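Presented below is the structure to which this report refers.
The values are calculated or read from the model by the stated rules, or taken from the named source; none is laboratory data. Note that the structure is a prediction, hence the values are computed from the model and not measured. A quick note on method: Cβ atoms are made from the backbone with ideal geometry, for glycine too, and the neighbour counts reach across all protein chains shown. Heads up: the accessible areas ignore ligands, DNA and RNA and are worked out on the full protein's heavy atoms, side chains in. Shrake-Rupley method; radii C 1.70, N 1.55, O 1.52, S 1.80 Å.
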Amino acid sequence: MPLITYSPKVFIPLTKLCRDVCHYCTFAQPPRRGQRAYMRADEVLEVARAGAEAGCHEALFTLGDKPELRYRAAREELAELGCETTIEYLARICELVLAETGLLPHVNPGVMSREELALLRTVSASQGIMLETASKRLSQKGMPHHGSPDKLPERRLETIGLAGELAIPFTTGILIGIGETRDERMQALGAIRELHMRYGHIQEVIVQNFRAKPGTKMADAPEPSLDDLLWTARAARELLPRDVHVQVPPNLSYEDFPRLLEAGIDDWGGVSPVTLDHVNPEAPWPEIERLREATEAAGFALAPRLPIYPEYVADLERWADPRVAQEIRKHADADGLAREDRWAAGVSSSTSNSLLLAPSASKLSRGTPLEVELDEELDEDAITTLFQSRGTELGAVLAAADDLRREVNGDEVTYVVTRNINYTNVCYFRCGFCAFSKGKLAENLRGAPYLVPLDEIVRRCREAWERGAVEVCLQGGIHPAFTGDYYVEVVEAIKRELPDLHVHAFSALEVWQGAATLGLPLGDYLTRLRDAGLASLPGTAAEILDDEVRRILCPDKVTTAQWLEVHETAHSLGLRSTATIMFGSIEGPRSWARHLIAVRELQTRTGGFTELVPLPFVHMEAPIFLKGGARPGPTFREALLMHAVARLALHPHISNIQTSWVKMGAPGAQACLEAGANDLGGTLMNESISRAAGAAHGQEMPPELMEDAIRALGRMPRQRTTLYGSPSDERTRLSYGAPPLAEPLNPHVNDAGLRKPEQLIRPGLAVAS
């Protein structure tokens, strides 16, 4: 479904003084005795904080052109503020809003020099100036721009061009009905087109209709008709490149605003739940729900955006100052649009109930771009499109996945009683998403580096067995001194003590590194692990199976091909495995689609995957997020879609979709169980990796709580084994009312006396360093 966007914003009129005297304007006001010329910093912050609380992303600064050149009051007040120019004060206030509230400034201060544009680029996400007209005629005596030096077209076009040279995402537009001809409108649009073709920086063009205002020289001037506005908007859409968005303000068409969609516009502009339109105070914004209803009635989905459009969010290195880019990423979803919720993976205070959209259809709407024939495999484009579902189609996708889940799995929800053991938090790989690994500088994050001794690993396994566990899941960092022998020794020690406990252990990276340190082919090493008692592999270390992403997230880790090779080899030896996907950091829907297809293609060859486990990125302590290089995890909509689309895309090859209560929280996991998932994962008993990244959902969900959450949905809980069989009655009985766990022992890594080898295996770089 095509999108119509809008920007949730606050409108901040930093000053209403202006040296221009446009004949239609009521925004610009002369100085008044006893009134300040500029908003104070605390006044601005009050508005900005209210906007942030209301879910806004943009702080729109609109102000008059260079009032200090006309008014002594402006000059004196600027001097009191320690500034020489209005632009200097604007930059200071933008910096304050960015730092104190996180709102992204968009600035419209009029004509600017190169230096002024460059200064504001360091504190704003985007900038703009309305061209209004390319006709010098409108600046002649008796015309609306007479006496307004900043409205000369050549000056405004110069500002727009300089913004292009400085790679500033820019907004401009035309004002119709002020005495121009249609030919002059086309000339203005042509001039904008030419500048965009040269620099590629025009994000959007606004087609704004003149509204007569009492008290102005044009109070009695005729307003353009709706048909004239529609004609001009259509002309703009046809003349401008497709990557330039066309916007018409909905509030200036009053109740007729839904008809604007007939002209091919794709954006409603800024809409504020907090502030009025200070330029057109007589025209209130339509309420968001009214905007949504009108948009969906026309066959579109409504989506909030940032002041910087997705095409520019996709290349922030070019289009944003590094500091501002960090803030933009905090606001962006995987499509480069605005985040629609405040949910975050792993955060105990996150709420998702308000976001649980009831499925609007029992199947995907026929005749839409999202039509899916479930007996045909979805290709990359189709899967990508599904991940971008919004509005009514979002409900349809979730419903389709839930219907398919019911058809394949019934109303049974499975879970496994397991213990998670992370045997060390020392790792010589430096994955940007990982806060679990501990190096020399990381002790302040989640405790000292440790290595769990073999006897403690066995003790924890015995304790889990006594509490009804059927599985132990073993994963950890890769200590520089580890060789393949270490992993074999761990498995042998467990199986000597507990021969019936299923050992589910070692990521593809651990397997690859273990084989490489011993100089063994993968098949030979996995055979050795299997013969020692390894029963299955977890699907971790997959992250995103798209090497463009992996080169940033984990460049020295296993590549996509290497991860797939480990699992294909394991499957050939009779070892089953899970598949995982970590999503919500730097990648997007296209990469998610590639990942699912890679998993599906391997599954069609081997049938070795038992399930897919989506793992939303927990951002709080992740190095790449703390450095400003990643988003704060997926949105709740994206998390639901990951489970739903995985169900649709992997059918019929993988029939189990697991949701992670550790990442999603119990309410979020319940929502995923109604969006295609059928498995609630493991009870865990201990969980360290997500908690190190900042997750706060606890270390254990015992069977009683698992089953309460499942029954609350009207579904049937069932304990399972790792391979989806049924545990013995004795195992099940022991799992209920289990005693508390003993305090685990995590000795400092130095106590082990391990020595770093001369060479370290770095499979992603295909070299040893």
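Let's test the formula: R0 of 30 Å, r as the Cβ-Cβ distance of Asp228 and Leu166. What FRET efficiency results, to the nearest 0.05? Here the calculated transfer efficiency is 0.30. By the beta carbon rule, with partners counted only under 4.7 Å, the chain holds these lone Cys residues: Cys18, Cys56, Cys83, Cys94, Cys427, Cys461, Cys473, Cys672.
Set against the 2.2 N^0.38 Å expectation for a compact globular protein, segment 438-548 has a Cα radius of gyration ratio of 1.14. Projecting label points 7 angstrom from Cα along Cα→Cβ for Arg551 and Glu456 puts them 4.1 nm apart.
Taken along the Cα-to-beta-carbon direction at a fixed 7 Å, the label points for His653 and Glu194 span 5.4 nm.
Any idea what % of Cα-Cα pairs in the chain are farther than 47 Å? Of the Cα pairs, 30 percent sit more than 47 Å apart. With a 1.4 Å probe and every protein chain kept in, tell me what percent of the accessible surface of segment 130-253 is carbon plus sulfur. Whole-percent figure for carbon plus sulfur exposure: 51. Label separation (Thr732 vs Lys756): 5.2 nm, computed from points 7 Å beyond Cα along the C-beta direction.
Computed from phi, the 3J(HN,Hα) profile of segment 94-102 under the Karplus parametrisation 6.51, -1.76, 1.60 (θ = phi - 60°) reads 4, 4, 5, 4, 4, 6, 8, 10, x Hz, with x in place of Gly and Pro. The gain in end-to-end length when the Glu311 to Thr604 segment is fully stretched comes to 101.9 nm, 0.36 nm per residue minus the alpha carbon separation.
Give me Rg/Rg_expected for segment 269-341, where Rg uses Cα atoms only and Rg_expected = 2.2 N^0.38 Å with N residues.
Values: Rg = 14.7 Å, N = 73, 2.2 N^0.38 = 11.2 Å.
Compared with the compact-globule rule of thumb, segment 269-341 sits at 1.31.
Amide H contacts of Ile206: Thr172, Gly173, Ile174, Gln247, each under 5 Å away and 5 or more positions distant or on a separate chain (H built 1.01 Å from N in the peptide plane; Pro and chain starts excluded).
If the limit is 22 Å between Cα atoms, which of Lys9/Lys213; Lys16/Lys213; Lys495/Lys663; Lys141/Lys217 go over it? Checking Cα-Cα distances, Lys9/Lys213; Lys495/Lys663 exceed 22 Å. Full extension of the chain between Asp379 and Arg242 yields a length gain of 46.8 nm, computed as 0.36 nm times the residue separation minus the alpha carbon distance. Computed over the alpha carbons of segment 201-331, Rg followed by Dmax gives 16.4, 49 Å.
Return the Rg/Rh ratio of segment 53-129 with Cα-based radii and a Kirkwood Rh. Let's see the in-between values first.
Numbers: Rg = 12.7 Å, Rh = 12.9 Å.
A ratio of 0.98.
Scaled to the globular estimate 2.2 N^0.38 Å, the Cα spread of segment 1-125, given as radius of gyration, is 1.08. Computed extension gain for Glu84 through Arg406, at 0.36 nm per residue and net of the alpha carbon distance, reaches 109.1 nm.
Rounded, prolate or oblate: which fits segment 7-50 when a ≥ b ≥ c are the square roots of the eigenvalues of the alpha-carbon gyration tensor, with rounded for a/c under 1.5 and prolate only if a/b beats b/c? All intermediate terms of the calculation are to be shown ahead of the outcome.
Numbers: a/c = 3.55, a/b = 1.42, b/c = 2.50.
Cα axes put segment 7-50 in the oblate bin.
From the largest down, segment 558-617 spans 35, 20, 19 angstrom on the principal axes of its Cα atoms.
Taking packing as the residue-averaged number of other Cβ atoms within 10 angstrom, the listed peptides 37-43, 638-644 run from highest to lowest as 638-644, 37-43. Entry note, the chain: relative contact order of 13 percent, from Cα contacts under 8 Å with a spacing of 6+ residues.
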